[in-house]
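This report refers to the structure that appears directly beneath it.
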Amino acid sequence: MNGFQKLAFICLLLAGILLPDSAWANPANRQAFLRYFGKYLPANLNSCSVCHIGAHAEGAESLEDFPHNPFGNQLRLEADKLLKADQEPEIDLRLKLLADADADNDGFSNLQEILFGTAPGDKTKFPDAKAAAKIKQLTADFTEYKNRYAWKPFKPVQRPEVPLIKDADWARNPIDHFIAAGHEQEGLHRAKEASPEILLRRVYLDLIGLNPTPAEIESFLKEQKTNPQAYEEVVTRLLNHPAYGERWGRHWMDVWRYSDWAGYKDALRVSQRHIWHWRDWIIESLNADKGYDQMLVEMLAADELKPDDWDTLRATGYLARNYHAERDQWMDDVVKHTSQAFLGITVGCAKCHDHMYDQIQQREYYEMRAIFETYHVRTDRVEGVLDTAKNGIPRAYDKSLTAKTWLFEAGDERRPLKEETIPPGVPTFLGGEYKVTPVSLPMVASQPARRESVKEDLLTHARKMMEQAKQEEQRQAAESELAVLEAQFAIEELEATSDKKSDEWKNAAQNLVKLQRQSALENARWNLTSAEQEQQGAQQALEKAEAKKNKALISKAKQSLKKAEQQQKAAETALKKAETDSKAKLTTKYTPRKQPVYPQTSSGRRLAFARWLTDAGNPLTARVAMNHIWLRHFGQPIVPTVNEFGGNGRGPTHPALLDWLAAELVKQDWSMKEMHRLIVTSSTYRMAGTASEENSKLDPDNRYYWKKSAMRMEGEIVRDNLLFIPGRLDPQMGGPDIDNTQAQDSIRKSIYLRHAHEKLVEFVQIFDGPSVSECYMRDMSVQPHQALAMANSKLTFQATEALTEKLLKQTSGNVDDFIQQAFLSILSRSPDASEQKMCREFLTHSKEASQVKPSEDQFQLLVTVLFNHNDFVTIR
């Protein structure tokens, strides 16, 4: 038994749950034991002595060395019974079945002793006679605790019943019922509805990341007085706004680890060049309300699902981004982050040993790796561009169907166990069917250069060479190359529909050989003419250098002349060969067009995984997705550990609500827009952020959502609004990434700025911008340099200058009107009386009504102050 195995064994002993069945003998059971009792488990019972004779394992390697006490033995025997009955011997079930038993015959049940803090397997330790009242209360509290909605993240989602609440009139949809039930349970009094101005700004920033304009605010305030559906109509309009895809695209890009390429100089170390095509696909898919399930399938396996659809193939940028120069690191990353992003579990923790908290065996890590072992990355041409260095679609494809996966001993890549090849698979404890079917690919997938768009680009380029030819020999050479290209295309089409034995093919092949020989001859003639001209030029340069008697120039000119003479001799030799070849007997041995050729079959492993992942029966996919969406609307997730739903994570605040949301997402065909609509139209979302001293004592962290917690804008949204509010933002969508060093000058949205290792936008990072490595949930800090950035950045200066000029034109310099419009533009609300008075005094330097006309600089200072107001960077 190695060191790790001893450690794992001791962990099992601590929980007293070693079972004869190896499938259940893993450290995950210890966490299950602790989770079962939660806050009701006394600290002194987190010990080996709960289930074993003795408090320490002291190097024990079997149960003979460290035997069970009566309670531990009861647990073991109960597991045997369940296994014989074909039931899973889960700790929760065994503890429940044995709760009323008295393992040590001391007159107190197992449950009573555990809750009170005495060992249930030691008859010498039991509660004293005065403990009856306390035990009764503890038992009642624990029973109420266990009767709450059971959180079972690894079981298929079951749509829970919507709870009945006292104030049913408050609820607008089922979300409110779940939240209100929590209020009633905890004795909380919820906040009133937010003011129309605050609510409007909130939903604008949440859905499109941009402030409402003063005109939109005034229109809404007027409309909502007579139209009870005014807010719902705003929500519909925002969900259909192009900026919705950009706003929520950035959220998902955090989760999916978007990164532009990085490497030293031109070396590619991580991600891929032109990965921005994936970013554009994300934005377009969200705007089109493509189902979340479909997005996942396309990101993981578009090349197997739609191999001839290059728009969809952009989705596999998810896999291309995971590229790393070191293959094992690449595979580690794709397993680790795919499991965390889509499933909310840490499969990567099982690389070296069985998972310490969840039922994931080490072998299953490698089975998941095997799903991705066959894939690699290539760059396909885009229409209109032949050079993939300038533009192209980075995409996944299966490079080798014979790629093997081996288990690494203790996770060490230097020690592969090659006795057995690990097949692809998924964690069995999550259920579902993983069935692989190889995928036959169309010709354009295995030979992308035969796509019609690529062929047309090649022809266009050949014709352009003809047009640009300045000499007759050059034009004839270019014309002959065009003829060869056309003949190559023709024979490729012929070979795709007939065999090489037909007369038609033989004639086409001979014709192509003839054209290739003629092209070789024309190119040889042009190369000779070009070489002769080069030689003449070199000779003239030498004569000029000798006339100047400049030794350095003479030496350089002689070298150039020598090189030119060598090129001329080579061109003469090539011409003679081309002339000889042109007279040879025609054959059918033509030279095929140079083009990349890839496998004609894909393994189907990733498509099978994607379908398993997005099956309605998968217990995690929809839960994890809705937890992320909820987080970004409320600033706090239902499951606090968004990428860890397993044993090492934290439990949900509202498990029934999350299950209901997950079930609703599937019911709505995985439509994220419909889930946004449901959330932002709920009464829960519409609450004000008003504090309550009484509530704060009961729930200081607002875990039960008795108010709407304020959130700080992300750095990208701060920057975008500094551009948008004064009317400077360029609404253009998509396209190549913009140099991150241009962030202070570019007027494009932040989502289009380069984001990669050592290529980050400093202004965004100051406001807790996303990490490139992983960012499942952003931090939110308050730092002095954030205020400095807002006060001193070029972005802020340009924003204040532009907005001041804009507002002065609108208000003709009227002080009160200027103040009103400045507040509406920046803070999306009107100033109250004290703010209006304070701003007027600031502008006029007087506490009395004054006819003094402030300078433009004074107006600009006021705008600067408002951009630095806490309400600007805060989503209330």
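The values are calculated or read from the model by the stated rules, or taken from the named source; none is laboratory data. No experiment lies behind these values; they were computed from the predicted model shown. Note: ideal-geometry Cβ built from the backbone for every residue, glycine included; neighbour counts use all protein chains shown. The accessibility values were calculated without ligands, DNA or RNA, using every heavy atom of the protein model including side chains. Shrake-Rupley method; radii C 1.70, N 1.55, O 1.52, S 1.80 Å.
Details
- Candidates in region 262-280 are the residues that are in contact with a Phe, Trp or Tyr (Cβ under 9 Å, 6 or more places away or on another chain) and of a type in the set (A, V, I, L, M, F, W, C); of these, the one that is surrounded by the fewest Cβ atoms within 10 Å (Cβ to Cβ) is Leu268.
- Sub-7 Å Cβ pairs linking a first residue in region 483-504 that is under 22 Å from Ala462 (Cβ atoms) to a second residue that is in a loop (DSSP other than H, G, I, E, B), at least 6 apart or interchain, are Gln488/Arg593, ordered by first then second residue.
- Residues that are over 20 Å from Arg202 (Cβ atoms) and among the hydrophobic types (A, V, I, L, M, F, W, C), drawn from region 689-728: Leu698, Leu723
- Test for Glu233: is it modelled with pLDDT under 95 and out of contact with any Pro (no Cβ under 9 Å at 6 or more places or on another chain): no
- Top-ranked residue in region 75-93 [being in contact (Cβ under 8 Å) with a residue 40 or more places away in the chain and assigned to a helix (DSSP H, G or I); ranked as nearest to Tyr357 (Cα to Cα)]: Ile91
- Odd one out for Ser750, checked against (1) modelled with pLDDT of 95 or more; (2) farther than 17 Å from Lys794 by Cβ; (3) of a type outside the set (Asp, Glu): (2)
- Here Glu835 clears all of (1) out of contact with any strand residue (DSSP E or B) (no Cβ under 8 Å at 6 or more places or on another chain); (2) over 26 Å from Glu216 (Cβ atoms) except the condition numbered (2).
- Exactly one residue among Glu716, Glu693 is crowded, with 17+ Cβ neighbours inside 10 Å and either of a type outside the set (A, V, I, L, M) or within 25 Å of Gly769 (Cβ to Cβ) (or both), and that residue is Glu716.
- Applying the set (1) out of contact with any helix residue (DSSP H, G or I) (no Cβ under 8 Å at 6 or more places or on another chain); (2) closer than 25 Å to Met443 by Cα to Glu467 leaves exactly one unmet item: (2).
- Restricting attention to region 94-128, the residues being outside any loop (DSSP other than H, G, I, E, B), over 24 Å from Lys155 (Cβ atoms) and not aliphatic (A, V, I, L, M) number 4.
- Test: residue in region 481-489 that is in contact with a helix residue (DSSP H, G or I) (Cβ under 8 Å, 6 or more places away or on another chain) and open to solvent by 60 Å² or more (accessible area, probe 1.4 Å): yes
Okay, residues lined up against (1) under 30 Å from Ser480 (Cβ atoms); (2) β-branched (Val, Ile, Thr):
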site	(1), (2)
Gln518	yes, no
Ala524	yes, no
Thr529	yes, yes
Gln533	yes, no
Gly537	yes, no
Ala541	no, no
Glu546	no, no
Lys551	no, no
Lys562	no, no
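- Enumeration of residues in region 676-690 that are of a type in the set (A, V, I, L, M, F, W, C), part of a helix (DSSP H, G or I) and open to solvent by 10 Å² or more (accessible area, probe 1.4 Å): Leu678
Matching residues to (1) of a type in the set (Ser, Thr, Tyr); (2) touching a helix residue (DSSP H, G or I) at 6+ places or on another chain (Cβ under 8 Å); (3) more than 23 Å from Lys708 (Cα to Cα); (4) in contact (Cβ under 8 Å) with a residue 12 or more places away in the chain:
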{"site": "Val772", "(1), (2), (3), (4)": "no, no, yes, yes"}
{"site": "Glu801", "(1), (2), (3), (4)": "no, yes, yes, yes"}
{"site": "Thr804", "(1), (2), (3), (4)": "yes, yes, yes, yes"}
{"site": "Ile819", "(1), (2), (3), (4)": "no, yes, yes, yes"}
{"site": "Arg840", "(1), (2), (3), (4)": "no, yes, yes, yes"}
{"site": "Pro854", "(1), (2), (3), (4)": "no, yes, yes, yes"}
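- Residue count for region 619-660, restricted to those that are part of a loop (DSSP other than H, G, I, E, B) and not hydroxyl-bearing (Ser, Thr, Tyr): 20
- Taking the criterion of being assigned to a helix (DSSP H, G or I), open to solvent by 10 Å² or more (accessible area, probe 1.4 Å) and in contact (Cβ under 8 Å) with a residue 40 or more places away in the chain, the residues of region 305-316 that qualify are Leu305, Trp310, Arg314.
- All positions within region 810-865 that are within 21 Å of Ala215 (Cβ to Cβ), within 44 Å of the chain's Cα centre (by Cα) and outside any helix (DSSP H, G or I): Ser828, Arg829, Ser830, Pro831
- As a summary of the residue check, Lys589 satisfies the conditions (1) farther than 30 Å from Asn507 by Cβ; (2) within 57 Å of the chain's Cα centre (by Cα) except for the one numbered (1).
- Selection within region 573-611 - open to solvent by less than 40 Å² (accessible area, probe 1.4 Å), touching a strand residue (DSSP E or B) at 6+ places or on another chain (Cβ under 7 Å) and not in a loop (DSSP other than H, G, I, E, B): Ser602, Arg606, Leu607
- Residue within region 772-783 that is touching a strand residue (DSSP E or B) at 6+ places or on another chain (Cβ under 9 Å), open to solvent by less than 30 Å² (accessible area, probe 1.4 Å) and in a helix (DSSP H, G or I) present: no
- Taking residues in region 160-172 that are farther than 15 Å from Glu193 by Cα, and partners anywhere that are open to solvent by 50 Å² or more (accessible area, probe 1.4 Å) and charged (D, E, K, R), the pairs with Cβ atoms closer than 7 Å and at least 6 places apart or on different chains are Ile165/Glu184; Lys166/Glu184.
- Residues of region 635-675 that are open to solvent by less than 10 Å² (accessible area, probe 1.4 Å), farther than 22 Å from Arg35 by Cβ and in contact with a Ser or Thr (Cβ under 9 Å, 6 or more places away or on another chain): Leu665 alone.
- Inspection of region 293-303 finds a residue satisfying the criterion of being touching a strand residue (DSSP E or B) at 6+ places or on another chain (Cβ under 6 Å), of a type in the set (Asp, Glu), in a helix (DSSP H, G or I) and open to solvent by less than 10 Å² (accessible area, probe 1.4 Å).
- Flag if Lys506 is assigned to a helix (DSSP H, G or I), of a type outside the set (S, T, N, Q) and either within 24 Å of Ser603 (Cα to Cα) or open to solvent by 60 Å² or more (accessible area, probe 1.4 Å) (or both): yes
- Scanning region 98-138 for residues that are polar (S, T, N, Q) and open to solvent by 80 Å² or more (accessible area, probe 1.4 Å) yields Asn105, Thr124, Gln137.
- Elements of type helices (runs of 4 or more DSSP H) contained in region 148-251, each with 2 or more residues being open to solvent by 70 Å² or more (accessible area, probe 1.4 Å): 174-186, 214-223, 230-239
- Yes/no for Val334 being open to solvent by less than 10 Å² (accessible area, probe 1.4 Å) and either under 28 Å from Pro736 (Cα atoms) or free of Cβ contacts under 8 Å to residues at least 12 places away in the same chain (or both): yes
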